[in-house]
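Below you'll find the structure, written out as structure tokens, and then a few comments.
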Amino acid sequence: MAITYDIEIPSSIPAPRMFKAFVLDADNLIPKVLPQAIKSVEILEGDGGVGTVKLTTFGEGYQHKCVKHRVDAVDKENFTYSYSIIEGDALMGVFESISYHIKIVATPDGGSILKNRSIYNTKGDAQVSEEEIKAGKEKASGIFKAVEAYLLANPDC
């Protein structure tokens, strides 16, 4: 069974700059901006493009230790990025995989909107609570807002 949820988060940062920071530079930037959440991201196989497998190690005291994810799609012209968590304790023995589809859309005022669709593919008839889904949404929003705050504080990045 698949459980899907969508979130949209507005930002004052222009779409090209936000895509570069939040997607293309994320492996280096997010551990710097949120070291308590993400300790490191390393490429296990691939060149960063489609098919690349990465290992994300979470910070001390974080709910999960690590996950492996695979890059499914990158479109730099249309600011879209898709990846799937394929291994790790974040799957909690309940999920086959979790897929994320990110699109950063320019807004008329020069800012952008992050559109994120998350698809939780459960094993068998496993159930997921609203609290777990809400926690996932809050984490995604928190990472996006932390990157936005960093970009606002560092206009040359």
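Take the Cα of E60, step 7 Å toward its Cβ, do the same at K115, and the gap between the two points is 4.2 nm.
Cross-link check: pairs K76/K115; K103/K145; K54/K145; K103/K123; K39/K65 evaluated at a Cα-Cα cut-off of 19 Å; pairs beyond the cut-off: K54/K145; K103/K123.
Sorting K123, K65 by solvent-accessible area of protein heavy atoms yields K65, K123, largest first, with a 1.4 Å probe.
Under the criterion of Cα pairs below 8 Å and six or more residues apart, the relative contact order for the chain equals 27 percent. Of P108, P16, P31, which has the largest mean-square fluctuation in a 10 Å C-alpha GNM of the chain? In this elastic network of the chain, the residue with the biggest mean-square fluctuation among P108, P16, P31 is P108. For the chain, modelled as a GNM whose springs connect Cα atoms under 10 angstrom apart, the maximal fluctuation among E45, E130, E87 occurs at E130.
Put the Cα centre of the range 1-49 next to the Cα centre of the range 92-111 and the gap is 9 Å. Computed from label points 7 Å out along Cα-Cβ, the spacing between I3 and D25 is 3.5 nm. Given +1 at the Cβ of Lys and Arg, -1 at the Cβ of Asp and Glu and no other charges, the dipole of the range 2-153 around its Cα centre is 280 debye to the nearest 20.
Taking each residue as 0.36 nm, the span from I86 to V41 lengthens on full extension beyond its C-alpha to C-alpha distance by 14.7 nm. Summed over qualifying helices (DSSP H, 4 residues or more, each -39500 (n - 2.57)) and divided by its residue number, the chain shows a 222 nm mean residue ellipticity of -7500 deg cm²/dmol. Each residue was assigned an accessible area with a 1.4 Å probe, and for T122 the value is about 10 Å². Evaluate the relative contact order of the range 51-106 (contact order divided by residue number), counting alpha-carbon pairs under 8 angstrom at least 6 apart; express in whole percent. Here the relative contact order equals 28 percent. Per atom type, the range 2-153 shows carbon and sulfur on 53% of its accessible surface, probed at 1.4 Å. Per residue, the solvent-accessible area of the range 45-143 (1.4 Å probe, heavy atoms of protein chains only, all protein chains present) comes to 54 Å².
Coupling constants for the range 69-85 follow from the phi torsions by the Karplus curve (6.51 cos²θ - 1.76 cosθ + 1.60, θ = phi - 60°), and in residue order they are 9, 10, 6, 9, 7, 9, 10, 5, 6, 9, 6, 10, 8, 10, 8, 10, 7 Hz; glycine and proline get x.
Modelled spin-label separation between K123 and D72, with each label point placed 7 Å from Cα along the Cα-to-Cβ direction: 2.0 nm. Each listed q (0.15, 0.16, 0.20 Å⁻¹) maps to a log10 I(q)/I(0) for the range 1-145, found by the Debye formula over equal Cα scatterers with no solvent: -0.78, -0.90, -1.42.
The values are calculated or read from the model by the stated rules, or taken from the named source; none is laboratory data. Keep in mind that what you see is a predicted model, and the values were worked out from it rather than measured. Positions of Cβ are backbone-derived with ideal geometry, glycine not excepted, and every protein chain shown enters the neighbour counts. Each accessible area value is taken on the protein alone, full model and side chains, heavy atoms only, with ligands, DNA and RNA left out. Shrake-Rupley method; radii C 1.70, N 1.55, O 1.52, S 1.80 Å.
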